[in-house]
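Everything on this sheet refers to the single structure shown next.
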Amino acid sequence: MLIDFFMHLKSRRLPVTTTEYLALLEALQAGLADYSLDGFYSLSRLCMIKSEAHYDKFDVAFGEYFDNIHGKNGVSAEDALKELLNTAGSHIQSGENLFDLDVVEQDALRSETRKEQNNDEQEEEKSAPMKGGAGNNPLGEGGVQKEGIRIDNQLLGNRSAIKGWDSREFKTLDDESELNTRSIKIALRRLRKFAREGIHEELDLDNTIDSTARNAGWLDIKMRPERRNKVKVLIMFDIRGSMDVHIKLCKELFSAAKAEFNQLEWFYFHNIVCDSVWRQNDTHVASHYPLPYLMNRYGKDYKLIIVGDASMGPTELTEPGVSYSHNHSQESGAVWLTRLLDHYRQAVWLNPEPERYWHLTQSIGMLRDIMQNRMYPLTLSGLEQAMKVLGR
Amino acid sequence: MRFEGSTNYVATADLQLAVNAAITLQRPLLIKGEPGTGKTMLAEEVAAALGMPLLQWHIKSTTKAQHGLYEYDAVSRLRDSQLGEEKVANIANYIIKGVLWQAFESDQQTVVLIDEIDKADIEFPNDLLRELDRMEFFCYETRELIQAKHRPIIIITSNNEKELPDAFLRRCFFHYIAFPDRETMAQIVDVHFPNLQEQLIREALEVFFELRQINGLKKKPSTSELLDWLKLLSAEGVDPDSLSAKSKRTEIPPMTGALMKNEQDVGLLQRIVSMNRQRT
């Protein structure tokens, strides 16, 4: 019983499981819902939904399902549900029994009831002795039987207004996974390379035992520093131009990265990493860092992250000296990038453009090839994948 | 045993249902909500209402699941053995019992509050699965199985900073404390400030809900901030009429330092107010 409701929720992609469904039945049996539609709504939400991100979806699904109950002969939806709950309590099955239910029987019952209703239409004057039986009759709308309750879809009776879940008050909590600093930090945390560094605060049991033994039993306590994340990261941000749209996102990523990684070096470039990059937003050539110097200074153990939308004219990539800010470079952007990638074996490219539009820009495809497909969208899942790849 | 809120704490109907369901079906209750909506207070009120002792475990980022069970003080034992103390012989003397051990051993049913579970490491809730499910755990040092004499009522709060693992969520009931609407808010204010001028409360609530609706606030003011602000207003003897003028959005309300905790929010408010002033 109420299996249809459970299946309806599942079909609306709510993550509900059998355990939670059984918990709901247990709760109903314990009499926790006060036999009102609102009470049932609260109780089912309490048992089945484990995150407020799903509340809105549940509201919609609940409204859809119970909107279809129409009372027969003027019985309102509320009363129909009350009767359902009242009689449902007496037929609770335990977990084992539920698995014994036979689907075939349900179909047979359905066809039987259809036949009944057809007969009904023909014999309107006769009273129907089969209906009734104190609600324990397995046939008919709102009837109770072991295999499940079928609530018919006929448009009879009034539709009473259903409040509560129709108000959609949880719409804003839905899982649009707004990327904010904290969630980025969690995603970045996947990139870990632990090393022990800092104040000696933790008891080093093995060394203590060792040194105590050396001391012929006189206690000699050794401490060691706690594990910390010692990964070294080099980030290059594409700025100006088409990236202005994504500035907020990049700022969040940057502040999260700064907080998370101890050894972080960051640089800016425009459109394509070529020739030199700069630290402050200062285009004065003298303050630029030429790439060979960078590669010398920051060795191969650094992990490279390039953040950019990879959108530019293809010639900027393939032709030397065409790029906007590097008019005098001798080699093309593609060559420089390949050189960088040879040096930094572990590198990823994070693209704030949505992944579904990547095929529309030629340069994105070209850069993706150069990066050997290590280009990921700047979303939480993309970040996680990127960090996994970097961590290998 | 039913929980119906108390004189100090206004609980909505679905919150009461959640608490009663958790008590009756003996499952942990996970509570989430905006900061300042009374999640921690809920546990205290439940314990007070049911007359049970409350055991609190406030989680920090360095907390491990083992801390809730017990800790073994190895260093003291080593030190005592050097001094030849007699209690060294029994390892049980050096086991420091954690919150869950105390709750399991207690002779009466207790309420256990696990506060801000999402602050800990991402694997922390998974380490507690068996304890939450069967209410028992094994202590390796003393080789005993600790089982709960009476299943404690466990209330877990989370600030939603991390996703909690699914296996953990399956074992709990979940309730989200939505931000109270006007009537509930009026009730809450009434409970805390029974003697406050009605007009002052009304005007202050108007201003408060208007502030909450401003787009782009980094941190919206919450219930506890409203209560602080009301206390300040009544202490300073602010005239309710002046407040109603402010609710027309042409002046900054007094003492917004209690409501806005962010200088960007304060800046935003000032800009909006000056814009409105220019318009009128």
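Taking segment A:332-392 and the helices (runs of 4 or more DSSP H) fully enclosed by it, the elements with 2 or more residues that are in contact (Cβ under 8 Å) with a residue 60 or more places away in the chain and either closer than 21 Å to A:Y293 by Cα or touching an Asp or Glu at 6+ places or on another chain (Cβ under 7 Å) (or both) are at A:333-343. Exactly one condition in (1) surrounded by fewer than 15 Cβ atoms within 10 Å (Cβ to Cβ); (2) closer than 21 Å to B:N262 by Cβ is false for B:G237; which is it? If we test B:G237 against (1) surrounded by fewer than 15 Cβ atoms within 10 Å (Cβ to Cβ); (2) closer than 21 Å to B:N262 by Cβ, just (2) comes out false. Every condition in (1) surrounded by fewer than 17 Cβ atoms within 10 Å (Cβ to Cβ); (2) among the charged types (D, E, K, R); (3) facing another protein chain (nearest Cβ under 9 Å) holds for A:R45 except the one numbered (1). Within segment B:135-149, one or more residues are closer than 19 Å to B:L25 by Cα and among the acidic types (D, E). Restrict the check to segment B:50-60 and report whether at least one residue is in contact (Cβ under 8 Å) with a residue 12 or more places away in the chain and among the small types (G, A, S). Checking segment B:50-60: not a single residue is in contact (Cβ under 8 Å) with a residue 12 or more places away in the chain and among the small types (G, A, S). All told, A:I3 meets the bar of being more than 24 Å from B:K32 (Cα to Cα) and among the hydrophobic types (A, V, I, L, M, F, W, C). Among the conditions (1) closer than 28 Å to B:G36 by Cα; (2) without any contact (Cβ under 8 Å) to a residue 24 or more places away in the chain; (3) aromatic (F, W, Y), B:F179 misses just one, which is (2).
Within the option set B:E183, B:E203, being in contact with a Ser or Thr (Cβ under 6 Å, 6 or more places away or on another chain) and at pLDDT 80 or above holds for one residue only, B:E203. All conditions but one from (1) touching a Phe, Trp or Tyr at 6+ places or on another chain (Cβ under 7 Å); (2) at pLDDT below 90; (3) part of a helix (DSSP H, G or I); (4) within 14 Å of another protein chain (Cβ to nearest Cβ) apply to B:V19; the one that does not is (2). One residue alone among B:D127, B:D133 is within 14 Å of chain A (Cβ to nearest Cβ) and at pLDDT below 90, and that residue is B:D133. Restricting B:S106, B:S61 to residues that are over 20 Å from the mean Cα position of the chain (by Cα) and not aliphatic (A, V, I, L, M) narrows the list to B:S106. Among residues that are of a type in the set (G, A, S), within 12 Å of another protein chain (Cβ to nearest Cβ) and within 30 Å of B:D228 (Cα to Cα), B:G33 is included.
Among the conditions (1) surrounded by fewer than 22 Cβ atoms within 10 Å (Cβ to Cβ); (2) more than 9 Å from chain B (Cβ to nearest Cβ), the only one that A:H54 does not satisfy is (1).
For segment A:317-333, the set of residues classified as at pLDDT 65 or above and farther than 22 Å from A:P377 by Cβ consists of A:T318, A:E319, A:P320, A:G321, A:S329, A:Q330, A:E331, A:S332, listed by residue number.
Filtered by the rule that a residue be in contact (Cβ under 8 Å) with a residue 24 or more places away in the chain and more than 12 Å from chain B (Cβ to nearest Cβ), segment A:7-42 gives A:H8, A:L9, A:R12, A:R13, A:L14, A:Y35, A:L37.
The values are calculated or read from the model by the stated rules, or taken from the named source; none is laboratory data. Treat the numbers as computed from the prediction; the structure is a model and nothing was measured. Using ideal geometry, Cβ is built from the backbone for each residue, glycine included, and neighbour counts are taken over all protein chains shown.
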